[in-house]
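Here is the structure we will look at, set down as structure tokens.
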Amino acid sequence: MASGVRAVVVRSNSTCALVNGGVRCWGQNDPRPTRQRLDHERPGPGQVPGMNAGVLAVAVGSFHACALARGIHCWGYNANGQLGNGSTTSSLFPVASSVCTL
């Protein structure tokens, strides 16, 4: 068992783990042939940029993920506004959600 793992969340083709206050994710974000390869699309755990300390929780949706750390930060596929930042542009890196701030 990996040291420092506090939680693991799984959804369809991707997984994220809360590890020592940071987030590591792996798997697939978007299965369509024209997909944009996003940062956590990888075969093994990779550190999510900017989410390396102070993360309290993580959640995984369909082809996107969000973390609670000094507010809500989301990354991944965003065609329907899943990231909560007022756009429909997908993001390789976590973006602050306008839903709320801490």
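Couple of notes before you dig in:
- Where strands (runs of 3 or more DSSP E) fall entirely within region 26-102, those with at least 2 residues that are surrounded by fewer than 13 Cβ atoms within 10 Å (Cβ to Cβ) and modelled with pLDDT under 85 are at 42-47.
- Contacts under 8 angstrom Cβ, first residue in region 7-22 being touching a residue at least 12 places away in the same chain (Cβ under 8 Å) and within 17 Å of Y77 (Cβ to Cβ), partner of a type outside the set (S, T, N, Q) and outside any strand (DSSP E or B), 6 or more apart: N13/P31; S14/H40; S14/E41; S14/F63; C16/H40; C16/V48
The values are calculated or read from the model by the stated rules, or taken from the named source; none is laboratory data. Since this is a predicted model, take the numbers as computed values, not measurements. Here the Cβ is made from the backbone with ideal geometry for all residues, glycine too, and neighbour counts use every protein chain on show.
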